[in-house]
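Since the structure comes first, as structure tokens, the remarks are kept for the end.
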Amino acid sequence: MGWKDIWITMTINSLNYGTIDDLIQEWKGVVNKIGFQFHTPFVKGDPLWLPFGQERNKVVDKLIALREEYPGFVINSKKQLALMKGNWGGIGTTPVQCPSWAILSFDHMGREKKPCCIGSADSKSLKPICEDCGLGCYSVLVANGITR
Ligand code: SF4
């Protein structure tokens, strides 16, 4: 990545996972980088979550193939994408492998969000489910050997 890079991120969920090719065709030549991550649920049974299993594995394999097809365009590494086939983050809503400490995130009041950037400073708020997490900004750290 450099200062001239203009990039977009697609958060893949159970409704939009069939549109990856269309998105690439639409944005290739408009931006020079694209990143992928998966929707992280806050409740079990969230219909937007693409469950671990065959369908999700096929999507991950497709993304890995797209890296080869569009070298330098897809920013995720193969290792990071492969993590998305299963639980790389934690247990329940507790980060275990995820190095949530590595990125400090604050809300509009300047309060630290926990356990990570999609969490909240309000301890009573719903928490993201670490064991079903698909976030890119933390999984890239895990893929590079930075864990808890
Ligand atoms: S990024 Fe957030 S939700 Fe995902 S595993 Fe880490 S702390 Fe949990």
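The values are calculated or read from the model by the stated rules, or taken from the named source; none is laboratory data. Since we're looking at a predicted model, the values are computed, not measured. Please note: Cβ atoms are built from the backbone with ideal geometry, for glycine as well, and neighbour counts cover all protein chains shown.
Looking across the range 110-121, the residues that are touching a helix residue (DSSP H, G or I) at 6+ places or on another chain (Cβ under 9 Å) and either touching a residue at least 24 places away in the same chain (Cβ under 8 Å) or of a type outside the set (A, V, I, L, M, F, W, C) (or both) come down to LYS114, PRO115, GLY119. Taking the criterion of being more than 7 Å from the ligand (Cβ to nearest atom), farther than 15 Å from GLY92 by Cβ and not in a loop (DSSP other than H, G, I, E, B), the residues of the range 110-147 that qualify are GLU112, SER120, GLY136, CYS137, SER139, VAL140, LEU141, VAL142, ALA143. Take the conditions within 13 Å of the ligand (Cβ to nearest atom), surrounded by fewer than 20 Cβ atoms within 10 Å (Cβ to Cβ) and at negative phi and apply them to THR94. Does it pass? In short, yes.
Taking every residue in the range 85-109 that is among the charged types (D, E, K, R) and pairing it with any residue that is at pLDDT 95 or above and more than 8 Å from the ligand (Cβ to nearest atom), at least 6 positions away or on another chain, the pairs with Cβ-Cβ distances below 6 Å are LYS85/ASN57; LYS85/VAL60; ASP107/LYS113; ASP107/ALA121. Of all residues assigned to the range 60-77, none qualifies as being near the ligand (Cβ under 9 Å from one of its atoms) and either over 14 Å from PHE38 (Cα atoms) or aromatic (Phe, Trp, Tyr) (or both).
Put simply, of LYS124, LYS58, LYS79 the only residue that is in contact with a helix residue (DSSP H, G or I) (Cβ under 8 Å, 6 or more places away or on another chain), exposed (fewer than 15 other Cβ atoms within 10 Å of the Cβ) and either within 24 Å of GLY18 (Cα to Cα) or not β-branched (Val, Ile, Thr) (or both) is LYS79.
Would the range 64-73 turn up any residue that is basic (Lys, Arg) and free of Cβ contacts under 8 Å to residues at least 24 places away in the same chain?
yes
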